[in-house]
Every structure is written in structure tokens, then in C-alpha cells.
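See below for the structure under consideration.
Just so it is clear, none of the values below were taken in a lab; they were calculated from the coordinates. Treat the numbers as computed from the prediction; the structure is a model and nothing was measured. Cβ sites come from the backbone with ideal geometry, for glycine too, and all protein chains shown count toward neighbours.
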Amino acid sequence: MIGARREGLALRLQGIRKSYGHVVAADGIDLEVREGEFFTLLGPSGSGKTTLLRLIAGFERPDSGRIELGGRDVTTLPPNVRETNTVFQDYALFPHMSVAENIGYGLKVKGIPRSRRRRRVHELPVRRRRRRADRRRGRRHRHRGRWRLARITPGGGIR
């Protein structure tokens, strides 16, 4: 457990296996991602990408294997106590919230005071104009990819 932290690993998967009935979605997956590394998971439809991400986030439990985040074994921990963020492919933005509220949502969940959240959201380069961040509808769908990225980075896009 402490060894992964000393080695600078953000994520370590060891012998991960997950099946749904007779269908094996992941089998013997070993992976190491170092702190600060940018990692992309690519593969054809049905190759187990989503299953692997759901396992890392804690939405699923592996049949066998170990998941470490920052040197800590999180294999059996629920999603709310893991240091991960998830934005699903569709419906990633809350339609009832402004852009700023969507970006700051992760901070809100962590209990950051409203004034501090607002300040930190307004410091982000994602926002070009303050009034755009306060929009709830309209043309924001054109920029939703930027807002998703801001929302999934640690701390809701803000460190």
C-alpha cells in the first residue's frame, strides 16, 4: 500500500477481473499510472473501457484483483470516499444549473463555502466572460466539453 505512494503512482490495478454472468468484461488487468501522467483509455466498443472506469470509481466491485489510488487500497471502498470524479458520456451537465454552478459542483459536494467556490470558479480560464458563466440555457451546449473537463478535474476543476 505505501509502496505505490513511494513509487509516485496515482493508480495501480493488479489482476483485475470482472464478469457479468458468463460474460467476462475484464480479465487479468494490470495497470500503473504515475502521478502527473496523462492517461487515455482507448478501445473498441465492448472492450471493457467503461467497466474498468466504473471499477476505478467504485461503482462496481471487481471479482478479483486490487485497485489502489495514491498508494491506498480502495478496492472495497464506496465511490463517495474515493478521490475520483466521474462525468458520464451523456447528461454530464445539470440542466437546472448555470455553467459556474456545474463547474463548482464538486467543490459544493466537498463542503467548500459558497464565496470560496465562486471565487475559485471565476479564476478558471474555462470562463471567458462572467455573464456566460451565469447562463442556464441557450448556447452553452456548444461548450459543454470544456465544462465537463473543468468539472471532472480534482476539486471540481479547481485545486
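Kindly provide the chymotrypsin sites (Phe, Trp or Tyr not before Pro) of segment 12-76 that DSSP labels as loop, not H, G, I, E or B, and whose Cβ sees at most 13 other Cβ atoms within 10 Å.
F38, F39
Note on D73 and K108: the extension gain reaches 10.0 nm, defined as 0.36 nm multiplied by sequence separation minus the Cα-Cα distance. Between H96 and H122, how high is the FRET efficiency from 1/(1 + (r/R0)^6) when r is the Cβ-Cβ distance and R₀ = 25 Å? Nearest 0.05. The computed FRET efficiency comes out at 0.75.
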